[in-house]
Amino acid sequence: MKTSLQFFKDMGVCDGAYAVLERVFVQAGVTEFDYAQGYQLMLGMMDQLEVDAAQSGEPGHDTAQGWLQWCYDLRSRPEAIMYFGDHIEDDVFRTADGHLHETLEAARAHDRSRYAELRRDHAAARVINGVRFGESGAETWEVVDPARDDLAGFEAFVWHDSTTGLNHRTDCAAEAVAFNGEQAKVLDAIDDAQRAARIERRITDESGVFSVWVPIKDG
C-alpha cells in the first residue's frame with residue numbers, strides 16, 4: 001500500500017504526527033512511501049516519536065503508541081487501501097451470514113435462497129386450523145387464513161406456537177386473528193432483513209498484502 005503526505009492528511013492525521021511524517025519523507029527524499037516499510041521505520045523511532053507525540057496534546061495521538069495504533073488501523077480502512085485507485089477488486093464476495101462466493105450473482109442467489117427458506121419455515125410455523133365439532137364430539141380440522149377466510153363457522157382454533165414449541169387452542173376467533181397478525185409481522189421483518197442484508201466484495205491493495213471488505217452498492 002502506497003502512502004504520501006497528502007494521503008496522510010486526507011486520512012485525518014493530526015498536525016503533530018504530520019510533522020513527523022514530513023521529516024521522514026524529506027529525509028528519505030521521496031514523495032511516496034510503502035506503508036509496510038514506513039510502519040517498520042516508525043517502530044524503530046519510538047523514543048523520538050514519544051517526544052513528538054507528547055508535544056501534540058491531541059487525544060489519541062499524544063503518545064507514540066496512540067500514533068502507531070492510528071497508523072496500524074489504516075490497513076483496515078477501505079478509503080486508505082483504495083486511495084490511489086490501484087487496488088485490486090478480488091472475485092470474492094461475502095454475504096451477511098459469512099459465506100463466500102466467487103461471483104456477485106452467486107452471492108445474490110444465495111441470499112434469495114436463504115431468505116426464501118426463512119419464509120417457507122415461517123409459513124409452516126404459522127398454520128392455523130379451524131375446528132368444527134361433529135357428532136359425539138368428533139372434530140374436523142381445516143387450515144384457515146384469518147386474513148381471508150370466514151371464521152364464523154368454526155367452534156375453535158388450534159395452532160403451533162413456534163416460540164414455545166407448544167400447540168395453542170382457543171375458542172376465540174379474535175385471538176386467532178391477533179396471532180395471525182403477529183405472525184405476519186415476522187414476514188415483514190424477514191423482508192426488511194433481506195433488503196438490509198449487505199453483500200461485500202474483498203478489495204486488496206496493489207501489493208496484495210492488505211485486504212478489506214467493501215459493501216456492494218445497489219445498481
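Each reported figure results from applying straightforward, stated rules to the coordinates on display, with no laboratory input. Bear in mind the structure is a predicted one, so any value in this text is a computation, not a measurement. As a convention, Cβ positions derive from the backbone with ideal geometry for all residues, glycine included, and neighbour counts pool all protein chains shown.
Round to a whole angstrom and tell me the spacing of the C-alpha centers of region 180-210 and region 110-169.
One Cα centre to the other: 30 Å.
Which net charge results when you count Lys and Arg as +1 and Asp and Glu as -1 among the other residues whose beta-carbon is under 14 Å from that of residue 134?
Result for the local shell: -3.
Which residue, 154, 133, 179, has the most motion in a Gaussian network model of the chain that connects Cα atoms within less than 10 Å?
133
Among 116, 103, 168, which residue has its Cα furthest toward the positive end of the charge dipole of the chain, with +1 on Lys/Arg Cβ and -1 on Asp/Glu Cβ?
103
Could you derive backbone 3J(HN,Hα) for region 36-47 from the dihedral phi with the Karplus parameters 6.51, -1.76 and 1.60 (θ = phi - 60°), listing whole Hz in sequence and x where the residue is Gly or Pro?
3J(HN,Hα) across region 36-47, in whole Hz: 4, 5, x, 5, 5, 4, 4, 4, x, 10, 4, 4.
Assign one of three labels to the chain, namely rounded, prolate or oblate, based on the Cα gyration tensor with a ≥ b ≥ c the square roots of its eigenvalues; rounded applies when a/c is under 1.5, prolate when it is not and a/b is larger than b/c, and oblate otherwise.
Details: a/c = 5.32, a/b = 3.23, b/c = 1.65.
Prolate, since a/c reaches 1.5 and a/b exceeds b/c.
Just rank 72, 39, fewest to most, by other beta-carbon atoms within 10 angstrom.
Numbers: 72 11, 39 17.
Sorted ascending by nearby Cβ count, the order is 72, 39.
Cut-off is 10 Å between beta-carbons; in what order do 209, 13 appear when sorted fewest neighbours first?
209, 13
How large is the dipole of region 126-195 about the Cα centre if only Lys and Arg carry +1 and Asp and Glu carry -1, each at its Cβ, rounded to the nearest 20 debye?
Using Cβ point charges on Lys, Arg, Asp and Glu, region 126-195 gives about 180 debye.
Among residues other than residue 153 whose Cβ falls under 12 Å from its Cβ, what is the net charge (Lys/Arg +1, Asp/Glu -1)?
Around residue 153, the charge tally is -3.
With +1 assigned to the C-beta of every Lys and Arg and -1 to the C-beta of every Asp and Glu, and no other charges, what is the dipole magnitude of the chain about the Cα centre in debye, to the nearest 20?
200
Please report 210, 8, 84 as a ranked list, fewest other C-beta atoms within 10 angstrom at the top and most at the bottom.
Sorted ascending by nearby Cβ count, the order is 84, 210, 8.
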